[in-house]
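As structure tokens, the structure follows; a few thoughts come after it.
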Amino acid sequence: MPISLDALRNKLQQRLNVLDGAFDRHVVSPIVVRKTDKFALQEGYVSALWQTWCSFCREIIIHSTQGAITRCGTITTSPYGALSDMEIAYIAKRLSKSEPINTIRSLTGSHQEHTWGDLSKVNIVASGIGCSNGTSILAGLSACVRIADLQLCRNASAHISNSTLQGVRAAKVRYLYNSFRHPSDMICWVDPNSSDFLWKSWIDEIELAADLAVN
């Protein structure tokens, strides 16, 4: 039985609600006062949100490739509908690197997969894999303006170095109240378009992208 893409979106929404509630409890109204504890919490929320986004991108592309039910009730098709998850992951990885698809094989583990949430890659995959609902998926991805900064924040928090910190400094010009002691402080920068925390912009963009992609 094909999976409903709306069910994937609902699962995503539940996860976003949990994370956003945690953000409100522990960041907006903090009970943690030590900087080390604060940064650890913030980094955890950023990592969890990034993984949630990556997981949704993976699921919607793989299920759409295999055949899934869109919001309007049609079943998606693709040239690779009979393949397994890991065979499709192999194709997606090749597409993300602009490499030819020759003999199709299975990846041996998730560690070999490309970064599903990376917009510079997932757009190429969604365009090249030939899903009948590719236009809807791409419409969702095109709604993402701030997600690249979620990836920047996650990578800089997980791998602090001169180069990742420089990326954070370069991103400051796009936001207000943009000081930071740790890359994870980006979550409390203010998006001038919404006058709200950057974290909220990430949540809003993921929700909008998912809503468009499942049509």
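The values are calculated or read from the model by the stated rules, or taken from the named source; none is laboratory data. The structure displayed is predicted, hence computed values, not measured ones. With ideal geometry, Cβ positions are generated from the backbone for all residues, glycine too; neighbour counts draw on all protein chains shown. Just so you know, the surface numbers come from the protein's heavy atoms only, side chains and all, with ligands and any DNA or RNA stripped out. Shrake-Rupley method; radii C 1.70, N 1.55, O 1.52, S 1.80 Å.
Probe radius 1.4 Å, ligands and nucleic acids left out: which of Thr164, Thr36 has the largest accessible area, and how do the rest follow?
Ranking Thr164, Thr36 by accessible area, largest first, yields Thr36, Thr164.
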Report task. Quick one: angle between helix 35-66 and the longest Cα principal axis of the chain, in degrees between 0 and 90, rounded to 10, please. Result -> 10
Query raised in the report: Could you give the angle, 0 to 90 degrees to the nearest 10, between helix 5-23's Cα long axis and the longest principal axis of the Cα atoms of the chain?
Result: 10
Query raised in the report: To the nearest 10 degrees, how steep is helix 119-128 against the longest Cα principal axis of the chain, on a 0 to 90 scale?
Result: 10
Report summary line: If R0 = 30 Å, then Ala170 and Thr135, at their Cβ-Cβ distance, give a FRET efficiency to the nearest 0.05 of 0.35
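For the stretch 1-101, what does the alpha-carbon gyration tensor say about shape, rounded, prolate or oblate, given a ≥ b ≥ c as the root eigenvalues, a/c under 1.5 as rounded, and a/b over b/c as prolate? Mind dumping the intermediate values first?
Numbers: a/c = 4.80, a/b = 1.96, b/c = 2.46.
It is oblate, given that a/c is not under 1.5 and a/b is not larger than b/c.
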Query raised in the report: Roughly how much of Leu212 is accessible, in Å² to the nearest 10, using a 1.4 Å probe?
Result: 60
Query raised in the report: One-quarter of the Cα convex hull surface for the chain, in nm²?
Result: 12.6
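Of Lys38/Lys93; Lys11/Lys93; Lys93/Lys200; Lys172/Lys200, which sit over 28 Å apart, Cα to Cα? Working shown, then result.
Details: Lys38/Lys93 36 Å; Lys11/Lys93 25 Å; Lys93/Lys200 30 Å; Lys172/Lys200 17 Å.
Exceeds cut-off: Lys38/Lys93; Lys93/Lys200.
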Query - Glu207 accessible area, 1.4 Å probe, all protein chains in place, Å² to nearest 10 - result: 50
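Keeping every protein chain in place, order Met186, Met86 by accessible area at 1.4 Å, biggest value first, i.e. largest first. Intermediate values should be presented prior to the final figure.
Working: Met186 0, Met86 45 Å².
Largest accessible area first, the residues go Met86, Met186.
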Query raised in the report: Which values of log₁₀ I(q)/I(0), to two decimal places, follow from the Debye formula for the stretch 77-127 at q = 0.25 Å⁻¹ with a uniform point scatterer at every Cα?
Result: -1.02
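What do you get for Rg/Rh over the stretch 30-71 if you use C-alpha atoms and the Kirkwood form of Rh? Write down the numbers at each step before the final one.
Numbers: Rg = 16.8 Å, Rh = 12.6 Å.
Value, to two decimals: 1.33.
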Query raised in the report: To the nearest 10 square angstrom, what accessible area does Val173 show with a 1.4 Å probe?
Result: 130
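Which semi-axis lengths, in whole Å and largest first, follow from the square roots of five times the eigenvalues of the Cα gyration tensor of the stretch 102-174? Write out the running numbers ahead of the final one.
Values: eigenvalues 158, 71, 12 Å².
They are 28, 19, 8 Å, listed largest first.
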